[in-house]
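Structure first, then comments.
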Amino acid sequence: MRRILLATLGVLAGAAVLSAQEPGAKLEIRPFAGVSVPTGTQGEVFNDAPIFGLQGAVELKPNFHVVGSFGWVTGQNEFVLSRDNVKIYQYDVGVELGLVRRLGNWQLKPYLGLGGGARTYAYEAAQLADRTSFAGYSALGSEFQLGRTAFRVEARENAVYFKSPIAGQDSKARNDVRLTAGVAYHFR
């Protein structure tokens, strides 16, 4: 858990340094909440669960952002050995490419995102081994901004190289969908 927090703080600190070095760059902070919906074979092992998280972003141009994210899911797994809770942590970096349209005093900012990082599965059952593996994502969303504050919605497709917590079982590529809403605060 300590490594996860340090990695997340490192991503956010890197975004702040990048913002300070890039003329005209603007820093953003984006808390979010939503639901994680496992699909395909991932849905056979994990249940739908709430997700909470935080993003830091650097707006390099009005239509281009560099993003660092940390998400936390607490859910139930369906392994035979235990149906105890599992905590899933995802931390990643990526980019967003979008449009900016004025609607009176508001700005509509639809975007596409792409990125990668890692995901850690921390099981409460002693007989299941915690695992960390590569995770990549694509995202589609929009921001509705008024002044420095904005409302955001996002759909994110995650692809994960899932490592089984049970010795001797194969690792597999799996995926899930995350639907989130949140706010963004734009500094400067």
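What is the extension gain from V95 to F64, computed as 0.36 nm multiplied by their sequence separation minus the C-alpha to C-alpha distance, in nm to one decimal? The partial results should precede the final answer.
Numbers: separation 31, 0.36 × 31 = 11.16 nm, distance 0.72 nm.
Length gained between V95 and F64: 10.4 nm.
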**OP:** Describe numerically, in nm with one decimal, the distance between label points set 7 Å from Cα along Cα→Cβ at L112 and at A181.
**Re:** 2.6 nm
Original post:
Tell me, what is the FRET efficiency for A129 and T149 to the nearest 0.05, using R0 = 41 angstrom and their Cβ-Cβ distance as r?
Top reply: 0.45
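What length, rounded to one decimal in nm, is gained on full extension from I166 through to N47, with 0.36 nm per residue of separation minus their alpha-carbon distance?
Working: separation 119, 0.36 × 119 = 42.84 nm, distance 1.83 nm.
Using 0.36 nm per residue and subtracting the Cα-Cα distance, I get 41.0 nm.
Residue separation times 0.36 nm, minus the C-alpha to C-alpha distance between S142 and I29: what's the value? All intermediate terms of the calculation are to be shown ahead of the outcome.
Working: separation 113, 0.36 × 113 = 40.68 nm, distance 1.54 nm.
Value of the extension gain: 39.1 nm.
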Original post:
Amide H to amide H, which residues 5 or more places from V183 or on other chains are under 5 Å from it, using H placed in the peptide plane?
Top reply: R152
Subject >> 28 Å Cα-Cα reach of K87 towards lysines, excluding residues that sit fewer than 8 places from it in its own chain >> reply: K163, K172
Subject >> Point-to-point label distance, T74-E157, nm (Cα→Cβ direction, 7 Å offset) >> reply: 3.1 nm
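No lab work stands behind these numbers, since they all come straight from the coordinates. Remember, predicted model here, so these are calculated numbers, not experimental data. We place every Cβ from the backbone using ideal geometry, glycine too, and count neighbours over all the protein chains shown.
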